[in-house]
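**Q** Take a look at the following structure, please.
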Amino acid sequence: MADVSLTGADLDRAGLRLDVDGAVATITLARPERRNALTFSTWRTLARIGETLPADVRVVVVRGEGPSFSAGIDLRLFSAEGVPGEDTFGARDEEFIGELQAGYLWLRRPDIVSIAAVRGHAIGGGFQLALACDLRVAADDVKFSMKEPALGIVPDLTGTKPLVDIVGVSRALELCLTTRTVFADEAARLGLAELIVPAAELDTAVGELVAAILAIRPTTAVATKRLLRAAPGNTLEEQAAAERREQAALLRELSAGRA
Ligand code: CAA
């Protein structure tokens, strides 16, 4: 089996902090002096956090330190100097990109609910990280922008599907090809954030959301997320069958008196 152990040095190099407190894991993007710019180590380490998450974690909060959630990819990766200890951007094959995408994909797993707590800028890979989470709570100073096309690339960190699922193809196309900034009011209107709160209340609002989720029985929360995530790909009949399956299993469990 591959070695997936994660050290403090790995987290430091990736610009991340990880705090696990019982059922809640908090991942902090912790390079505020660079507006939490993301590197290949960040994405690879995020994937390893997903692989090594304790089984009793039920909620994962992703937040940024300082005024911005994340300014996206560290632009120095595009320069000749690069970032010390990192590969340069260069020509990258699909396998390489797949390794980076793994850093975001696990946030959709049914056994956890992931919440992005977004203040300030969420640009490019930062916007896609927020989109990778199940829920977004945003401060009223939030600024979302899908900047990749301005750099000649497409958004490739799993963000195109949730973006289209949330805002539809036409709006997604307009946002990506103009790379314009979406501010709080529009973000709320488009459904890019479930909740917009004053910046000073972001942590409290996230804490309340976490508490509400934890008040639901664990297996009920898992079944609900699995059911809802499957809904867009199902016909009405398939979804009705999925509801019956999930409910029957939960009722068996409840009547057996198991927690
Ligand atoms: N990469 C590296 N450093 C960055 C950075 C980035 N993406 N964004 C900000 N920084 C650094 C700045 O260079 C600056 O460093 P110094 O203090 O050493 O000069 C520091 O962070 C603070 O930045 P600003 O002074 O610019 O802060 P601001 O609050 O005035 O502006 C900002 C913030 C609007 C985010 C601005 O910094 C900015 O536009 N950054 C670039 C955003 C960008 O284009 N990102 C790429 C997105 S595409 C993508 O992400 C592709 C992908 O996933 C593969």
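The values are calculated or read from the model by the stated rules, or taken from the named source; none is laboratory data. All values reported here derive from a predicted model rather than from experimental measurement. With ideal geometry, Cβ positions are generated from the backbone for all residues, glycine too; neighbour counts draw on all protein chains shown. SASA here: full protein model, heavy atoms, side chains in, ligands and nucleic acids out. Shrake-Rupley method; radii C 1.70, N 1.55, O 1.52, S 1.80 Å.
**Q** Out of all DSSP beta bridges in the chain, what portion is antiparallel? Express it as a percent rounded to 5.
**A** 25 percent
**Q** Let me ask something else. Please compute the net charge surrounding Gly191, taking Lys and Arg as +1 and Asp and Glu as -1 over other residues with Cβ under 11 Å from its Cβ.
**A** 0
**Q** Moving on to the next point. Taking the full set of protein chains and a 1.4 angstrom probe, give the accessible area of Lys143 in square angstrom, rounded to the nearest 10.
**A** 60 Å²
**Q** Taking the full set of protein chains and a 1.4 angstrom probe, give the accessible area of Val206 in square angstrom, rounded to the nearest 10.
**A** Estimated to the nearest 10 Å², Val206 gives 10 Å².
**Q** I want to check the label-to-label distance for Ala9 and Ser255. Put each point 7 Å from Cα in the C-beta direction and report it in nm to one decimal.
**A** Simple spin-label model gives 5.7 nm for this pair.
**Q** Between Ala248 and Ala212, with labels modelled 7 Å along Cα→Cβ, what's the label distance in nm to one decimal, could you check?
**A** Between Ala248 and Ala212, the simple spin-label model gives 3.2 nm.
**Q** Here's a follow-up. Only residues of the range 35-55 count here: report those whose backbone N is under 17 Å from the spot 7 Å along Cα→Cβ of Ile153, or say none.
**A** Only 36-47 pass the distance filter.
**Q** If you don't mind, another one. Helix 202-214 against the longest principal axis of the chain: what's the angle in degrees, Cα atoms only, rounded to the nearest 10?
**A** Computed tilt is about 30 degrees.
**Q** Specify the residue with the greatest mean-square fluctuation among Arg136, Arg226, Arg244, computed from a Gaussian network of the chain linking alpha-carbon atoms under 10 Å apart.
**A** Arg244
**Q** Same structure, new question: Using a cut-off of 26 Å between alpha-carbon atoms, which lysines can reach Lys225, once sequence neighbours fewer than 8 places away in the same chain are excluded?
**A** Lys161
**Q** Please check: in the Gaussian network model of the chain (C-alpha springs, under 10 Å), which one of Pro162, Pro84, Pro149 has the largest mean-square fluctuation.
**A** Judging by the Gaussian network model, the answer is Pro84.
**Q** If you take the charge dipole of the range 130-259 about its Cα centre, with +1 on Lys and Arg Cβ and -1 on Asp and Glu Cβ, which of Ala230, Ala256, Ala132 is farthest toward its positive end?
**A** Farthest towards the positive end: Ala256.
**Q** Another question, if that's okay. Suppose every K and R has +1 on its Cβ and every D and E has -1 on its Cβ; what is the size of the dipole of the chain about the Cα centre, in Debye to the nearest 20?
**A** Here the size comes out at about 420 debye.
**Q** May I ask you to rank Ile196, Ile49, Ile73 by accessible area, largest first, using a 1.4 Å probe over the protein chains only?
**A** Ile196, Ile73, Ile49
**Q** Sticking with this structure for a sec: Give me the net charge for the shell around Glu65: Cβ to Cβ below 9 angstrom, other residues only, Lys and Arg +1, Asp and Glu -1.
**A** Net charge around Glu65: +3.
**Q** Quick one: angle between helix 218-230 and the longest Cα principal axis of the chain, in degrees between 0 and 90, rounded to 10, please.
**A** The helix 218-230 is inclined about 70 degrees to the chain.
**Q** Give the angle, between 0 and 90 degrees and rounded to the nearest 10, that separates the Cα long axis of helix 94-105 from the longest principal axis of the Cα atoms of the chain.
**A** Helix 94-105 and the main axis of the chain meet at about 50 degrees.
**Q** At 1.4 Å probe size, what's the solvent-accessible area of Val169? Round to the nearest 10 Å².
**A** 100 Å²
**Q** Would you mind checking which residues have amide H under 5 Å from Val118's amide H? H placed 1.01 Å from N; only 5 or more apart, or other chain.
**A** Val137, Ala138, Ala139
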